[in-house]
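Worksheet: the structure to be examined is printed underneath.
Only the coordinates and a few stated rules stand behind these numbers; no lab work does. Note that the structure is a prediction, hence the values are computed from the model and not measured. Backbone-built Cβ (ideal geometry, glycine too); neighbour counts: all protein chains shown.
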Amino acid sequence: MPCENQLQSLLDSIKLSDVVETRTQLISQLVDVTGGEDERPSILQFLTTLWEDFTCLDASQCMLNKTILQVASTYLQSDISICLNQLLPLGTKASIWCRKHINMTLMSTADSQEEQHYTLFFQVLLDMLTHSAAVLQALAKHPVSTGKELVEAFIIELLNMTKDSILEVKKIHTFGPEVLKASQMVLDAVISLCKAYFNSVKLDYDATTEKDDVNHIINITKCAVENLVNLGIVAANAGGDLVSVLNLSWKGVVTLLQLFKGALAVKMDISEIILSLISLAKGSLSCAGQTWSTLMEPVSMAEAKRIFIPVKFYLINAARIISQYPSQAFSIFKDITLCILTILTFRIFLGEQKYLKSASEALTELLEPTSIHLLNSLLNSAQLERNHKCQILDWLFSDTPISDFVDAKSTREIFSSACDPMHVSKTLLLGQLSLFVNLLRSGPDLEDDVTLEIAKKLNWLLNILIEENVYSSILAFPVPLLHNSGHQNMFSSVIHALKTFMLVVSSTSIWGEIESFLLENLFHPHHLCWEIIMELWCFLIRHADSEMGNDIVVKLCTILKTTASWESVLNPDSVLRKLAKSICMILRNGSQSLADRVFNFIMNNNLSKLSSAMYIALLMEGFPLNFLSDKVRSVAKQRLVTDYFCFLDAFDDESSRKDGDGMFGAPVFALSAALQSLQVSISDTEMKTIKLLTATIHKYKNTSDKSKEQYVKVLSETLGIISSMQQLYSCDEMEKVMLELQNLFISSCGVELRKCKPNLAAFVAGLGDTEFEENENNLKASASWELFHMLLQERHWALAHLAMTAFGYFSARTRCNELWRFVPEDAALSFDLEFGKDANEERFMSEFKVFLDKEAVANSPAENEVALLVEQGLILKEMVQKDAMVDDEITRKRKFPDGISEGVSLLQNGLRVVANGISLWKQNRLDYSDINADFLTQFSHLEDAVGHIAASIH
């Protein structure tokens, strides 16, 4: 090693030299003449001074600075602790110098001198970045330094310079990739230093006074996070040119935030970082929406994924931060949840567009699960109070339209620049629905308190389904499933999610909320909501234990008994029929023993007349007779046939019609309904059925009083019986029956006969198995033509549909060759649909073909079909609202005076005192044999009576 005098001589020569090139050559010799470790601080301080002396930017100075960095870098190969206070200022000065001159260099001209300077400057910049990264790596190997201010200043200037280098990297020719790589080395080194410092010092976040080392580390980390966030935003807006910086910066942000948790929450606004990520995600979606809004060809799955992958990256990092800082995230929960809603709404919007189906599927695969995780990170946080979680769910699922809080301009940019605000509002409703469905599916991953609040929001789900636009969309549009597993109707998706949720809460205390929800909506006035409720009831019956299923059905039958009356049997909108329909649907999903239990409950009821009313109501709603056990089914069949025979035998007896204790023709109604689910053998009385039909027609014609309506009902049901018994069509008496029907319906103008036409359509459909000659002289043929003509002329949509169904069934089975004879010139489908005036045969055949092909449904509905669904949804919504107003009015009318309610409460309290006294008497084993047994019975009856009174009041 050279002697110290040689080193001192070299330093003196450098100081005395006025020529930059000479100084540069002399300084380069310091690499070999390093002296002892004690000399390094003074050398570094001297080199820092030299760097400061030359402020004019030229090639010679660049070379000098490059040489200074080379010398300083040799000191990093050994322990730097003795020269840290000199090494850091040199790095700080170098960063400031490079940052100051980078813009000036990029603006220089392309002459030879400037080109040489350009090359030398970026060599210095690269050396400085590499040197600084090495300094950071060396610092990470040592405990927290005493020169805290120097370290902080060095890192601040270094990060500023690194950020400027990355910002200008596109303009840096030749050296651009190298500068970018070196800048990333610096960023990675800063992140590693913060992690090393964290591990070397035990951070006590709860201490009332911060230690100097802790405060130092927090300051460095705060600076690093802020710069990384800024770089992450810059890289995101660079259009894909800075993907590596994007990954490094945001992953670094998340890593450091996860390490330091509460300490950084005090020093930084974490919510702003989350908002930055959300803004980047929405910005990418907005760009995609604007680009795709003018497309005239489909977007490929690969292209859609290319756009959505960065959005997923932002959302994942946001979710990670939210899970660590839930309290800070709660302050911006509206922004977070609106972002989620926007994503789910965007998926629906894409699915509605002709060329964007693949984009909708890609979004479902990449973004939907991640966006839900974003919300679950908040809802599952142990750091948030229950009222905070309730506030989030109330904000998302309340009666106030969420569109009121959404920036209309930003949503239009995402969905489409030409998107109608009303369409955006509708689609946001669907986004809310989609979010709720996803939360139901997430039940296994949610905490109990959140699950309970979701259970309380189930009525919100039904209310949103009533909205006409939601109603039409969930029926019309399919939604993509995860993992490219096809599509599912939105309606099916809702039901599946509800079933999943039921399974999750089935063994918890939350189940009570589900039971209440199912019971409260058993008679929901909106048919779609009712179907959902009944599907859930059936699901429950299929999977519940037998004891629970029996208990449910017995309770429903008990309610059925209280609603039974003959007046309500024939009214399909009565409580009796609605409840019967629900029970029958449940039984079709239950066990054989369950069906037996219901049959025995009804038949063994003391109120025999009302039992018959309940039984017929159940049969008319499709009671599953085939589900009964053999013995019970035999009893049921025997009763049906016996009652029917008795009615036939007594039909001509006027007293039977005037019997006020039942419903005239009840056995006919019972058998007609039963034949739809069970072929009851009555072959020995077929002729009696034909005779019943003929006799009923005569009775109707010869009666002028109100009993005409009774005979019309019996006539209709008898036609239904015959249509279910194909063997009757081949009997000799059928021609006479057809002529009777022709004469009745063609010549009669009775308005009440219109009620028979649905069953008449079923009757004429059965003529397809009848053989007859196709000529004018054949009375059977002419009668069938006339009956079909009458039905096909019906303009009411329901009757027209039934007539076409009957004609289609007949056409598929008959051996007749001249089907045109069955179609009148003025058939309903012959008229033009728009005006209903112009009629021609070709139109009928065209519409008839469409009708027969209606089951071949396209993947997406036609525009007019969606419009019709919206119109239908609006009518149903108005009906539900009207029903709710009626219920409110009834409730107000039924409200009892306060005095009565107070009196009943006093009665209940008194009964409780008596009951407690009796219990105490028994517990003390006192002799109470002298108490009359009637007293206990009467007391029990009194309790029941008061209980019923209290229930009716409340």
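For Val243 and Trp395, the difference between the fully extended length at 0.36 nm per residue and the C-alpha to C-alpha distance is 51.1 nm.
Sort 817-826, 689-698, 318-327 by the packing proxy (mean of other Cβ within 10 Å over each peptide's residues), most packed first.
Details: 817-826: 14.3, 689-698: 19.4, 318-327: 21.8.
Listed from highest to lowest mean packing, they are 318-327, 689-698, 817-826.
Proximity of backbone amide H atoms, modeled 1.01 Å from N, is registered between Val479 and Gln488, Asn489, Met490 at under 5 Å, excluding neighbours fewer than 5 places apart on the same chain. From most to least packed by mean Cβ count within 10 Å, the peptides 431-441, 386-396 give 431-441, 386-396. Only alpha carbons enter this Debye calculation for the stretch 693-856, each as an equal point scatterer, and the log10 of I(q)/I(0) it gives at q = 0.08 Å⁻¹ is -0.24. The three principal axes of the Cα atoms in the stretch 527-681 give end-to-end lengths of 50, 32, 28 Å, sorted in falling order. So what's the gap between the Cα centers of the stretch 565-632 and the stretch 289-305, to the nearest angstrom? With the stretch 565-632 and the stretch 289-305 each reduced to a Cα centre, they are spaced 56 Å. Given +1 at the Cβ of Lys and Arg, -1 at the Cβ of Asp and Glu and no other charges, the dipole of the stretch 527-681 around its Cα centre is 280 debye to the nearest 20. The order of the peptides 501-514, 59-72 by mean Cβ neighbours within 10 Å, most packed first, is 59-72, 501-514.
Using a 10 Å cut-off around each Cβ, can you sort Glu515, Glu157 from fewest to most neighbouring Cβ atoms? Present the calculation step by step, with values, prior to reporting the outcome.
Details: Glu515 11, Glu157 20.
Neighbour counts put them in this order, fewest first: Glu515, Glu157.
Is there a pair in Lys578/Lys706; Lys578/Lys713; Lys609/Lys688; Lys148/Lys267; Lys637/Lys706; Lys251/Lys282 whose C-alpha atoms are over 23 Å apart, and which pairs would that be?
On the way: Lys578/Lys706 27 Å; Lys578/Lys713 20 Å; Lys609/Lys688 25 Å; Lys148/Lys267 18 Å; Lys637/Lys706 32 Å; Lys251/Lys282 19 Å.
Going by Cα-Cα distance, Lys578/Lys706; Lys609/Lys688; Lys637/Lys706 fall outside the 23 Å limit.
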